[in-house]
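Read through the structure below, which is laid out as structure tokens, and then see the notes.
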There are 2 protein chains.
Amino acid sequence: MEKRVILVVCDGLGDRPVKKLRGETPLQAAATPNLDWFTAQGACGQVDVIAPGVRPGSDTAHLALFGYDPHKVYTGRGPFEAAGVRLDVREGDVAFRCNFATLDSAGKVVDRRAGRIREGTDELAASLTDMTLDETGVAFREGTEHRGALLLRGKGLDPRVTDGDPHAVGVPVAEVRALAPEAAKTAKIVNQFMDRAREILSAHPINRQRLQDGLPPANVVLPRGAGRLAKISPVSEVWGLRFAAVAGVALVKGICRVVGMNLLDVRGATGGLDSDFDAKVSAAMAALDTHDAVVVSIKAPDIAGHDGRPEEKVRVIERIDRALGPLREAFREEWVLGVTADHSTPSSTGDHSADPVPLLAYTDGGRKDEVSQYDELAVAKGSLGRIRGVDVLPLLLDLADRTEKFGA
Amino acid sequence: MEKRVILVVCDGLGDRPVKKLRGETPLQAAATPNLDWFTAQGACGQVDVIAPGVRPGSDTAHLALFGYDPHKVYTGRGPFEAAGVRLDVREGDVAFRCNFATLDSAGKVVDRRAGRIREGTDELAASLTDMTLDETGVAFREGTEHRGALLLRGKGLDPRVTDGDPHAVGVPVAEVRALAPEAAKTAKIVNQFMDRAREILSAHPINRQRLQDGLPPANVVLPRGAGRLAKISPVSEVWGLRFAAVAGVALVKGICRVVGMNLLDVRGATGGLDSDFDAKVSAAMAALDTHDAVVVSIKAPDIAGHDGRPEEKVRVIERIDRALGPLREAFREEWVLGVTADHSTPSSTGDHSADPVPLLAYTDGGRKDEVSQYDELAVAKGSLGRIRGVDVLPLLLDLADRTEKFGA
């Protein structure tokens, strides 16, 4: 029977023992009856999302979990952020993630996030987009809050340039420099764009109003994370299947779009701690009727890990588990479930680590090992052993009888 | 917190069940309270130092454990032996490990080790070094006992040549032959060198004295293990970290030097069964104050394995464990410990095998599995699973918060 796959990716789920949690990881400490039930009924193991000892970014990690070798398709975060804010990114385009920021009259960055500006960024972005600089098409679009993305399209572009973001306050914007001779044109264009953006934004009515209201103006754009979009065959071509995705955060949305997944619009899916997990799981279940596979990305555990709040991470995990209750109740024999993470984000370090992440794989009639708890250490005894991120999707698709035979 | 790494490599530590040891491996039979303590507090697993079923040499294995793919950087043992005896080996040089040996008057090898000559090899080597043959620089230096190394530097060298060592007695020296057309020049130079060495050594006062004393003269040099030093980025460049190493045996010293580790001079670190393990561990602990990572290589278990003496191997392992006592007592939260081996050397076969080797990884705040014994079979149940040799150093450096993120 050809089955349908639902893959839940809990961002930053993995952790290390936490003293405040009596030496348990947040995932061990959390009550997760639904995850434990699926684990007990299925098989589990550990995943090195990139490779043992390699700390994954969320971008490279999601690419790997979707079956792509990030060493081949990843040059930087920009193109995925750009796709995440609905810029039309194509092979060869060079893109940057950007912040709106605030310069003082002396030209020094005083706020890298322009007071976390929430309103009017669509109008500001509209004033910056669709330029042509040095025969290169330039597009800009706003993201959430102070975020945005810059896209360059044309001949002779190269992503090997430094950031325009000085990554500090009290200093001027950084001049973008080429890190390879071939990137000189790209650096020049980005510097030109930053100058133009500064002129346009300084005179923009939104910023005049912000000054009147005593708010920091969004009078400069700081690009960073340059990347060129590589040739990426869409998942539909790679697997001959229709994929849907439910995601909240722009970066993951962008990756899902770039690999050709049908990105579902789910009300309340914010990518924040306040995201509506129930709505996401519910939308994913509905999408299984019309797609062969659905990815659900949940950002919140990563946020709690970065913030160094293990108790918050426990609560987030318990909320995710509760959101999986309806999936468990409605689970059909023609469904395959995978639950994993893109990387660990130990609350103790507040950053990504290479500690492997848990994976459970369940379907009616699939192999079942003796592990009945879904946590970092318990799954290490599972029958899936220790595998790589690029192997996760093929493994689930094989359980779904959706893979081609290699040989005869 | 950026931590500091100490990696202990016990040469040939892995073994197979031994009847004399009631079916246990030497590591199972040995009392190892300190290794067991670290294992109980940390995580453990198995390592295929090269790949499953591939029998590692000590050279390829150490390269892998230091994070280098030996398939890319290794063409033969010569360059590492040469570096081990302090010859200045550079990228492109071709080098050989050598024995001083004894020829009889008929030109046949009668002793491949020249009576395991111990004295005067420095003077003999001095008479052979700094030649120029066929516009190629030739250097020779003595090692321990009858050992030495030959280094060629110049244009058009190629390591694909046969050994001058006939690997037998009662036969003449072997003529070095090119295994590829490009290696013809190299073969010719080595044959010239062997002829010149024979002339010089036969007339050398040290050998005249040996003959008078009834000792076999060291009147020929037998080169073997040709290799060309590949481009190897130093560990300082690869990781941006300062590495130190404590090693006794020339080959491992050479590898540590070639990859740019600061090789510490430790009195009593012989690379033999008599080596002072306490001094080595103590030197390594001291070096952690001034380096980011320290490697400790201990040769003795391999010797006991090659000699087919499992009880001796048990005693050696117990001595290593005792030497780790002070490390355990002084262990700081900013330290990361890894203990593994370069390969197994089963006492039953007396040679290297591809049986995976144990690995323990411990640091305060790191993941902790339920395994509390450090031996080949117990660690197979550990949470690190089964990984490759090249993954060991990245895994430890990640626990030390010393790795770069791949992506964002």
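Inspect all residues belonging to segment A:183-195 and state whether any of them is in contact (Cβ under 8 Å) with a residue 60 or more places away in the chain and either more than 24 Å from A:ASP59 (Cβ to Cβ) or among the β-branched types (Val, Ile, Thr) (or both).
yes
Scanning segment A:9-29 for residues that are small (Gly, Ala, Ser), in contact with a Leu (Cβ under 9 Å, 6 or more places away or on another chain) and surrounded by fewer than 24 Cβ atoms within 10 Å (Cβ to Cβ) turns up just one, A:ALA29. Criterion applied to B:ALA293, B:ALA323, B:ALA330 was being within 30 Å of B:PRO70 (Cα to Cα) and out of contact with any Pro (no Cβ under 8 Å at 6 or more places or on another chain), and the one residue passing it is B:ALA293. Only one entry of A:ASP364, A:ASP351 meets the criterion of being of a type outside the set (A, V, I, L, M, F, W, C) and either over 24 Å from A:ALA286 (Cα atoms) or outside the structural domain of A:CYS10 (by TED's automatic domain parsing) (or both), and that entry is A:ASP351. Scanning segment A:154-166 for residues that are part of a loop (DSSP other than H, G, I, E, B) and in contact (Cβ under 8 Å) with a residue 24 or more places away in the chain gives A:GLY156, A:LEU157, A:ASP158, A:PRO159, A:ARG160, A:THR162, A:ASP163, A:GLY164, A:ASP165, A:PRO166.
Summed over segment A:276-305, residues that are assigned to a loop (DSSP other than H, G, I, E, B) and buried (at least 16 other Cβ atoms within 10 Å of the Cβ) total 5.
Residues in segment A:135-153 that are part of a loop (DSSP other than H, G, I, E, B) and in contact with a helix residue (DSSP H, G or I) (Cβ under 8 Å, 6 or more places away or on another chain): A:GLY143, A:THR144, A:GLU145, A:HIS146.
The requirement of being touching a residue at least 24 places away in the same chain (Cβ under 8 Å) and either surrounded by fewer than 24 Cβ atoms within 10 Å (Cβ to Cβ) or out of contact with any helix residue (DSSP H, G or I) (no Cβ under 6 Å at 6 or more places or on another chain) (or both) is not satisfied by A:GLY84.
Quick one: how many residues across segment A:26-61 are more than 9 Å from every other protein chain (Cβ to nearest Cβ) and within 15 Å of A:HIS343 (Cα to Cα)?
Adding up the residues that qualify gives 4.
Going by the conditions given, is B:ILE303 in contact with a helix residue (DSSP H, G or I) (Cβ under 7 Å, 6 or more places away or on another chain) and either within 14 Å of chain A (Cβ to nearest Cβ) or more than 30 Å from A:ASP375 (Cα to Cα) (or both)? Criteria not met by B:ILE303. Checking A:ILE189, A:ILE206 one by one, the residue that is crowded, with 16+ Cβ neighbours inside 10 Å, closer than 19 Å to A:ILE117 by Cβ and not basic (Lys, Arg) is A:ILE206 and no other.
Sort out which residues of segment A:36-50 are in contact with a strand residue (DSSP E or B) (Cβ under 7 Å, 6 or more places away or on another chain) and either closer than 21 Å to B:LEU397 by Cβ or among the aromatic types (Phe, Trp, Tyr) (or both), and write them in order of number.
A:PHE38, A:GLN46, A:VAL47, A:ASP48, A:VAL49, A:ILE50
Condition first: touching a Leu at 6+ places or on another chain (Cβ under 9 Å), among the small types (Gly, Ala, Ser) and not in a loop (DSSP other than H, G, I, E, B). Now tell me which residues in segment B:233-253 satisfy that. If the condition is that a residue be touching a Leu at 6+ places or on another chain (Cβ under 9 Å), among the small types (Gly, Ala, Ser) and not in a loop (DSSP other than H, G, I, E, B), then B:ALA244, B:ALA245 are the ones that fit.
Among the residues of segment A:167-184, just one is buried (at least 20 other Cβ atoms within 10 Å of the Cβ) and assigned to a helix (DSSP H, G or I), namely A:ALA183. Within segment B:381-392, identify whether any single residue is more than 30 Å from A:ASP59 (Cβ to Cβ) and either within 27 Å of the chain's Cα centre (by Cα) or crowded, with 23+ Cβ neighbours inside 10 Å (or both), and answer yes or no. Looking for residues that are more than 30 Å from A:ASP59 (Cβ to Cβ) and either within 27 Å of the chain's Cα centre (by Cα) or crowded, with 23+ Cβ neighbours inside 10 Å (or both), one finds at least one in segment B:381-392, hence yes. Here B:ILE200 meets each of (1) outside any loop (DSSP other than H, G, I, E, B); (2) over 17 Å from B:THR102 (Cβ atoms) with one exception, condition (2). When every residue of segment B:350-360 is checked against the conditions, none turns out to be hydroxyl-bearing (Ser, Thr, Tyr) and either in contact with a Phe, Trp or Tyr (Cβ under 6 Å, 6 or more places away or on another chain) or crowded, with 21+ Cβ neighbours inside 10 Å (or both).
Apart from one condition, A:LYS188 fits all of (1) in contact with a strand residue (DSSP E or B) (Cβ under 7 Å, 6 or more places away or on another chain); (2) under 24 Å from A:ARG77 (Cα atoms); the exception is (1). Here A:ALA269, A:ALA286, A:ALA304 are screened, and the one residue that is assigned by TED's automatic domain parsing to the domain that holds A:ARG328 and free of Cβ contacts under 8 Å to residues at least 12 places away in the same chain is A:ALA286.
Among the candidates A:ARG113, A:ARG141, single out the residue that is in contact with a strand residue (DSSP E or B) (Cβ under 7 Å, 6 or more places away or on another chain), closer than 22 Å to A:PRO205 by Cβ and without any contact (Cβ under 8 Å) to a residue 40 or more places away in the chain. Steps first, please.
Details: A:ARG141 fails: without any contact (Cβ under 8 Å) to a residue 40 or more places away in the chain.
Step by step, each of A:ARG113, A:ARG141 is checked, and only A:ARG113 is in contact with a strand residue (DSSP E or B) (Cβ under 7 Å, 6 or more places away or on another chain), closer than 22 Å to A:PRO205 by Cβ and without any contact (Cβ under 8 Å) to a residue 40 or more places away in the chain.
Taking (1) within 19 Å of B:THR32 (Cβ to Cβ); (2) in contact (Cβ under 8 Å) with a residue 24 or more places away in the chain in turn, B:GLU329 satisfies each apart from (2).
The values are calculated or read from the model by the stated rules, or taken from the named source; none is laboratory data. Small disclaimer: the values here were computed from a predicted structure and weren't measured. Cβ: placed from backbone, ideal geometry, glycine included. Neighbour counts: every protein chain shown.
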